[in-house]
Amino acid sequence: MKVGFIGLGVMGAPMALNILKHGHELTVFDQNPEAIATLVKAGARAAASPREVGADSEIVVTMLPEPQHVEQVVLGANGVAEGLPAGGIVIEMSTIDPATSRHVGDVLRGRGMDLVDSPVGKTSEHAVTGTLTLMVGGNKAAIERATPVLNCMGTDTYYCGGPGTGHAMKMTNNLLATSIMIANTEALAIGVKNGLTLELMQEVMRTTMAWNQQFAVALPKKAFLGDDSPGFAIRLACKDVRLACEAAEKMGFVASVGRGAQATMDRAIAMGLGDRDTAALLFIREKELDIEIRQNPAPAQKAA
């Protein structure tokens with residue numbers, strides 16, 4: 001198929017590469033010339049604008065930071081919709097609010113095109129291996145046509161419902177995952193400051209309702225090793241939580257846990273840590289309490 005891809009960041013670039021690896025023709029666009037050059041070297045064609053991507057494609061994938069970026073890239077002047085032929089599909093894979101997703105989809109459908117919302121779960125490592133979780137919403141006929149492209153990027157696909165439900169699922173997931181991450185850093189910091197070891201807390205929590213996947217997977221891979229190199233950036237996590245809280249308030253209630261998590265990340269961003277991995281949230285606690293929370297290396301195995 002002739003596929004376009006816009007947004008070649010930490011997640012988008014490897015996702016685009018996997019589309020190429022599956023034999024599809026690929027046209028790409030990004031604000032970063034270096035990101036475009038990497039994809040061109042792998043076999044993609046560079047476009048000068050989102051409109052040009054649309055004109056060269058049957059399906060265009062967007063992976064962008066904020067809702068306003070999606071609206072501008074897809075519907076704005078020189079946007080995808082100005083070039084995409086009738087019957088074309090946009091697969092919107094960013095983390096945005098369901099209202100924006102439905103609005104963009106409605107406009108596209110009014111012009112004879114369609115939108116499939118398919119934000120992703122898991123990490124940049126899974127983006128590289130093409131094993132992401134895909135949360136898919138939209139019209140089933142459009143989803144069926146988009147499936148060969150979706151299958152290039154993910155292995156765990158969940159049909160969430162009609163237009164906007166994929167983005168609703170991702171927004172809900174990230175609200176919970178990020179709030180748990182921040183609660184973990186608070187709890188661990190309090191424990192260490194009171195004389196507990198990380199190993200003891202992990203051992204005990206494995207037997208209680210406190211245990212969670214952040215403890216089991218995310219924290220040991222980065223934060224417990226002292227690594228806050230860019231992965232899931234704090235500014236993006238903050239944006240995701242903000243969107244969920246705003247959606248809640250439009251429904252008539254305050255997401256108080258989410259707003260607390262947002263406040264923590266706003267403070268981290270004000271400290272200049274917005275582009276660091278969410279692991280940096282643990283390091284802020286350490287600095288505040290003059291402690292260190294690190295995983296002891298596994299003992300070396302004796303030779304037989």
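Numbers at a glance
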| read-out | value |
| --- | --- |
| Distance from the range 169-225 to the range 95-110 (C-alpha centre basis), Å | 35 Å |
| Counting DSSP beta bridges with both ends in the range 55-139, the antiparallel % (nearest 5) | 25 percent |
| Inter-part distance where the range 53-72 and the range 243-297 are each reduced to a Cα centre, Å | 29 Å |
| The range 95-208 - share of DSSP beta bridges that are antiparallel (%, nearest 5) | 35 percent |
| Sulfur and carbon atoms: percent of accessible area, the range 197-304 [1.4 Å] | 58 percent |
| Set of aspartates and glutamates with alpha-carbon distance to Lys2 below 20 Å, sequence-local pairs under 8 removed | Glu25, Asp30, Glu52, Asp56, Glu58, Glu82, Glu92, Asp114, Asp117, Glu144 |
| Whichever lysines have a C-alpha closer than 16 Å to that of Lys193, once near sequence neighbours (fewer than 8 apart) are set aside | Lys287 |
| Rounded to the nearest 10 Å², the accessible area of Arg145 at probe 1.4 Å | 120 Å² |
| Hypothetical label at Lys250: residues of the range 160-185 whose amide nitrogen lies under 20 Å (7 Å Cα-Cβ projection) | 160-176 |
| Entries of Lys170/Lys222; Lys41/Lys140; Lys21/Lys222; Lys41/Lys122 with Cα pairs more than 25 Å apart | Lys41/Lys140; Lys21/Lys222; Lys41/Lys122 |
| Helix 234-250 axis, angle to the chain major axis (alpha carbon atoms, nearest 10°) | 80 degrees |
| Nonlocal amide H pairs with Thr27, under 5 Å, H built at 1.01 Å | Val3, Gly4, Phe5, Arg45 |
| Potential extension, Thr208-Ala46 segment - 0.36 nm per residue separation minus Cα distance | 53.1 nm |
| Backbone N under 19 Å from the Asp266 label point (7 Å along Cα→Cβ), restricted to the range 201-239 | 234-239 |
| Value of relative contact order over the chain, rounded to a whole percent, pairs C-alpha under 8 Å and six or more apart | 13 percent |
| Simple spin-label estimate for Glu292 and Val10 in nanometres, 7 Å along Cα-Cβ | 2.4 nm |
| Whole-Hz couplings from phi, Karplus 6.51/-1.76/1.60, listed for the range 193-208; x for Gly and Pro | 5, 9, x, 8, 8, 4, 4, 5, 4, 5, 4, 5, 5, 4, 9, 10 |
| J(HN,Hα) series, the range 95-111, from Karplus relation 6.51 cos²θ - 1.76 cosθ + 1.60, nearest Hz, glycine and proline x | 9, 10, 7, x, 5, 5, 4, 5, 4, 4, x, 4, 5, 4, 5, x, 9 |
| Computed helical MRE - 222 nm, the chain, DSSP H runs ≥ 4 contributing -39500 (n - 2.57), nearest 500 | -15500 deg cm²/dmol |
| Relative contact order [Cα under 8 Å, 6+ residues apart], the range 1-124, whole percent | 23 percent |
| Antiparallel content of DSSP bridges confined to the chain, in %, to 5 | 15 percent |
| Difference of contour (0.36 nm per residue) and Cα-Cα distance, Thr131 to Ala99 | 8.8 nm |
| Heavy-atom surface of the chain, accessible at 1.4 Å and reported per residue (Å²) | 47 Å² |
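The values are calculated or read from the model by the stated rules, or taken from the named source; none is laboratory data. All figures in this text were calculated on a predicted structure; none of them were measured in a lab. Please note: Cβ atoms are built from the backbone with ideal geometry, for glycine as well, and neighbour counts cover all protein chains shown. All accessible areas refer to the heavy atoms of the entire protein, side chains included, with ligands and DNA or RNA removed. Shrake-Rupley method; radii C 1.70, N 1.55, O 1.52, S 1.80 Å.
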